[in-house]
1. Quick one: which residue in B:Phe106, B:Phe137 is hydrophobic (A, V, I, L, M, F, W, C), open to solvent by less than 10 Å² (accessible area, probe 1.4 Å), assigned by TED's automatic domain parsing to the domain that holds B:Ile184 and outside any helix (DSSP H, G or I)?
2. Of all residues in the stretch B:50-87 being farther than 27 Å from B:Tyr133 by Cβ and of a type in the set (Val, Ile, Thr), which is most open to solvent (accessible area, probe 1.4 Å)?
3. Any idea which of (1) over 21 Å from B:Glu214 (Cα atoms); (2) free of Cβ contacts under 8 Å to residues at least 40 places away in the same chain is the one A:Glu17 doesn't satisfy?
4. Is there any pair with a first residue in the stretch B:260-274 that is in contact (Cβ under 8 Å) with a residue 60 or more places away in the chain and over 16 Å from B:Lys249 (Cα atoms) and a second that is open to solvent by 30 Å² or more (accessible area, probe 1.4 Å) and not in a loop (DSSP other than H, G, I, E, B) whose Cβ atoms are under 9 Å apart and which are 6 or more apart or on different chains, and what are they?
5. Of the residues that sit in the stretch B:123-173 and are touching a residue at least 40 places away in the same chain (Cβ under 8 Å) and hydroxyl-bearing (Ser, Thr, Tyr), which one is farthest from B:Asp63 (Cα to Cα)?
6. Could you tell me whether A:Arg86 is open to solvent by less than 80 Å² (accessible area, probe 1.4 Å) and modelled with pLDDT under 95?
7. Filter the stretch B:204-221 for residues that are away from chain A (no Cβ under 11 Å) and modelled with pLDDT under 90; which is farthest from B:Leu46 (Cα to Cα)?
Amino acid sequence: MKLNFDDEKPVFLQIAEGMEDAILTGVFQEESQIPSTTELSVTYKINPATALKGINLLVDAGIVYKKRGVGMFVTEGAVRKLRQKRKDQFYENFVSRLVEEAKKLEITDVEIISMIERGFSK
Amino acid sequence: MRGIEIKEVSKGYKDTKALDHVSVQFEDGKIYALLGRNGAGKSTMLNIISNRIFPDQGEVLVDGKPARENDQVQQNMYLMSEQTLYPAGMKIQQAFQWSKEFYPKFDMEYAMELARMFGLNTKKKVRTLSTGYKSIFKLVLALSVNVPYLFLDEPVLGLDANHREMFYRILLEKYIEEPFTIVISTHLIEEVASVIEHVVILKDGKIVKNCATEELLAGGYRISGKKEMVDIWSQGEDVIGTEMLGTMKTAYVIGSSKEKWKKAPEELEVAKLDLQKMFIQMTNR
């Protein structure tokens with residue numbers, strides 16, 4: 001069965017994750033301003049309600065906050081928070097799948113570890 | 001109540017029913033797409049709302065008031081359609097001035113600015129414009145009339161990709177500045193999918209779907225595999241279309257749950273349905 005739900009993520013999620021990436025890679029530093037929903041909407045040609053929904057995900061997660069009358073800013077400590085979240089996801093997305101596939105192929109944990117070490121040494 | 005309410009509207013031409021007891025609401029301040037194949041009744045619906053033709057039955061209410069032959073109500077809406085309603089010998093700039101007569105909020109300065117951005121020569125006569133520039137001329141009018149209800153019937157016909165992008169961006173900018181109701185009738189669904197909030201799909205004069213864009217996109221799957229298998233798994237689903245190829249069957253379902261398909265067996269191939277395919281299936285069934 002071929003299934004790739006990640007490819008077709010709803011637009012608001014893509015917006016939220018795109019902003020998260022930009023924060024993680026330092027495009028938007030902590031305590032700096034991020035683009036407004038208006039800018040996002042016009043730039044990416046998306047309905048403003050969709051852009052707002054994406055940004056609100058970040059607000060709810062405490063990644064960005066609103067300064068009344070000024071705009072949206074990256075919260076202090078956002079990078080650390082995001083890294084932790086992505087690490088949890090890393091386990092879900094990569095490690096558990098890796099183990100699942102390894103079991104099918106009868107690859108032992110020792111073998112996997114040596115493979116990972118090989119990957120790191122490259 | 002703010003918004004447009006279409007109640008039990010029917011309209012027939014000779015032996016065809018263009019609209020068959022259609023009821024739908026366009027809420028205040030939302031962007032809608034009106035989808036359907038040629039002859040599905042899209043233009044008929046827009047023409048009835050804007051009083052260009054009259055329904056055989058039913059009525060249209062704008063902000064709770066009947067739209068029919070009501071000039072005050074009509075000043076609150078604008079329909080951009082294939083027809084050019086201006087004398088062909090008229091110059092663009094004159095046409096702008098003319099529009100201001102009927103639409104008091106027409107913004108001349110803005111219209112001239114848009115014309116400049118699109119490279120529309122306002123000294124030219126309407127007649128001499130190419131197909132693409134006729135569309136641009138009509139779009140500039142539509143963007144400048146400043147009415148609470150804007151209907152766009154195939155707005156980007158004949159426009160190149162660059163101008164289409166420009167148009168959608170300007171439309172969004174305007175909408176964000178002061179939200180108004182926009183209904184876009186189009187067959188270029190993928191292009192408007194991200195812009196619209198709500199989808200209304202017409203088929204043979206009837207509404208076959210009326211829901212949030214996200215809802216439509218979220219629950220649409222294409223399931224293929226052995227016929228028996230597909231039949232078992234698509235039981236109880238809203239199947240909007242099927243295809244057979246030998247013993248292979250493909251079913252298109254909407255309003256479905258992701259969790260169910262995660263559990264589907266290896267022999268079934270499951271994929272998300274994009275808006276374009278979904279639309280084709282929906283209007284073919």
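The values are calculated or read from the model by the stated rules, or taken from the named source; none is laboratory data. Remember, predicted model here, so these are calculated numbers, not experimental data. Positions of Cβ are generated from backbone atoms using ideal geometry, with glycine treated the same way; all protein chains shown enter the neighbour counts. To get the accessible areas, we keep the full protein, side chains included, count just its heavy atoms, and leave off ligands, DNA and RNA. Shrake-Rupley method; radii C 1.70, N 1.55, O 1.52, S 1.80 Å.
1. Working: B:Phe137 fails: outside any helix (DSSP H, G or I).
Result of the check over B:Phe106, B:Phe137: B:Phe106.
2. Among them, the one singled out is B:Ile53.
3. In the conditions (1) over 21 Å from B:Glu214 (Cα atoms); (2) free of Cβ contacts under 8 Å to residues at least 40 places away in the same chain, A:Glu17 misses (1) alone.
4. B:Asp274/A:Glu8; B:Asp274/B:Glu190; B:Asp274/B:Leu217
5. Among them, the one singled out is B:Ser144.
6. On the way: open to solvent by less than 80 Å² (accessible area, probe 1.4 Å): yes; modelled with pLDDT under 95: yes.
The answer is yes for A:Arg86.
7. In the first step, residues of the stretch B:204-221 are kept if they are away from chain A (no Cβ under 11 Å); the result is B:204-211, B:216, B:219.
Still in the running and modelled with pLDDT under 90: B:204, B:208-209, B:211, B:216, B:219.
Working: B:Asp204: 15, B:Val208: 17, B:Lys209: 17, B:Cys211: 19, B:Leu216: 23, B:Gly219: 29 Å.
Filtering the stretch B:204-221 for residues that are away from chain A (no Cβ under 11 Å) and modelled with pLDDT under 90, the one farthest from B:Leu46 (Cα to Cα) comes out as B:Gly219.
Residue-by-condition table, conditions (1) modelled with pLDDT under 95; (2) closer than 30 Å to B:Thr128 by Cβ:
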| position | (1), (2) |
| --- | --- |
| B:Arg2 | yes, no |
| B:Tyr13 | yes, no |
| B:Val24 | no, no |
| B:Lys30 | no, no |
| B:Asn47 | yes, yes |
| B:Arg68 | yes, no |
